[in-house]
Amino acid sequence: MQHCIHCGLEIANNATFCSSCGKRQDEVNPSNNLDTVETVNRGNPTFLTTLCILTLVGSLIGIYRGLLYQTFASGSHFGNAEYIRGWLYVLVNLGTIIGAIVLLNKKSLGLYIYSVSQVLYLILIIWATSVYFGDKYTDQLALTISAFFFLPSLAFLIIYWTKPIRNNLQ
């Protein structure tokens, strides 16, 4: 057995195309072994799947958070702004869900959908945090809660753009 020169999976010795990635096997050197494939390894699809599942869970929590904003908007002195922020949280988290689903299918379009939604989400967190500044107790609470949502979101955005993840995408 030999290995695909593009994705590294095992294929038949006389295969013209890889049964996994579908790419033509045009290598001149017939000694197709793992040493030559190592440089084009497609990364770890299990890690990508795990990230996508965690993204889906986090986005569902974000949607719930947005619905809470809407529920409590009427009783808040911020009123309509809370209601609008609630809908914005729902929308950007729907975007990250769509991005994660496309990423599960290993399409690079999912990375772009996810990234745009996530950057909008981070901006929304900063905006929401700035609204609550006013006294020393509210400031600290707002920063703590915002960090709870902001830091993991930023970390995921950075992780999705690492080379091992991008190597899994088409």
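Could you name the lysines whose alpha carbon sits less than 16 Å from that of LYS106, not counting residues in the same chain fewer than 8 places away? Those lysines meeting the cut-off are LYS23, LYS163. Label points 7 Å out from Cα along the Cβ direction at LYS106 and ILE61: separation in nm? The answer from the label model is 2.9 nm. Rounded to the nearest Hz, the phi-derived 3J(HN,Hα) couplings of the range 152-168 under the Karplus curve 6.51 cos²θ - 1.76 cosθ + 1.60 (θ = phi - 60°) are x, 5, 5, 4, 5, 4, 5, 4, 4, 8, 6, 4, x, 6, 4, 5, 7, where x marks glycine and proline.
The share of accessible area on the range 57-169 that comes from carbon and sulfur is 75 percent, using a 1.4 angstrom probe. Residue by residue, the range 108-124 carries 3J(HN,Hα) couplings of 5, 4, x, 5, 6, 4, 4, 5, 4, 4, 5, 5, 4, 5, 5, 5, 4 Hz when phi is fed to the Karplus relation 6.51 cos²θ - 1.76 cosθ + 1.60 (θ = phi - 60°); x denotes Gly or Pro.
Accessible area per residue was computed with a 1.4 Å probe on protein heavy atoms; THR50 scores about 70 Å².
Per residue, the range 77-160 exposes an accessible area of 55 Å² to a 1.4 Å probe, with every protein chain left in place. Label zone (VAL116, point 7 Å along Cα-to-C-beta; backbone nitrogen cut-off 19 Å) within the range 145-170: 157-158, 160-161, 170. At the residue level, ARG24 shows approximately 120 square angstrom of accessible surface with a 1.4 angstrom probe and all protein chains present.
The values are calculated or read from the model by the stated rules, or taken from the named source; none is laboratory data. No experiment lies behind these values; they were computed from the predicted model shown. Virtual Cβ from ideal backbone geometry, glycine too; neighbours counted across all protein chains shown. For accessibility, only protein heavy atoms count, side chains too; no ligands or nucleic acids. Shrake-Rupley method; radii C 1.70, N 1.55, O 1.52, S 1.80 Å.
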